[in-house]
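These notes are about the structure you will find just below.
Nothing in this text is a laboratory measurement; each read-out follows from the coordinates by a stated rule. In this text the structure is predicted, and so the values were computed from the model without any measurement. Positions of Cβ are generated from backbone atoms using ideal geometry, with glycine treated the same way; all protein chains shown enter the neighbour counts.
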Amino acid sequence: MFALFEARLRAGLTRVGRTIAGAVCMAVAAIFFTIAGWIALAEAQGELVAALVVGSVYLVLAMLLFFLPVRPRVRVTAATTAAPVTSLVEAFLAGRAAGQAMRKD
């Protein structure tokens, strides 16, 4: 029982660690792309236009992240594997009756 718990915990922590590492890499990439875009726009159009464009891009991205609906997770209910007690009793009685019928013959 503890081995299964430990394996699930280890897999979960590995998944969380990879997600955090991926998020950090994406943040670093976003910073470098922002700097590169700023330099290109500042040389081509001036610093005021570069500031407006970069600020607008981040504002649109933030608005999309805030206002796009997130689908709620649908919980999957586990199928009941155990038969109801009445079915078990009926099956037991049917088997007992069949066994008694075989003995009488």
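About its Cα centre, how strong a charge dipole does the chain have in debye, to the nearest 20, once Lys and Arg get +1 and Asp and Glu get -1 at the Cβ?
On the way: 10 positive and 5 negative charges, 160 e Å.
In total the dipole reaches around 780 debye.
Given the rule -39500 (n - 2.57) for each run of at least 4 DSSP H residues, summed and divided by the residues of the chain, what is its mean residue ellipticity at 222 nm, to the nearest 500 deg cm²/dmol?
-28500 deg cm²/dmol, from helical runs alone.
Would you work out the Kirkwood radius for the range 1-68? I mean one over the mean of 1/r across all pairs of different Cα atoms, in Å.
15.0 Å
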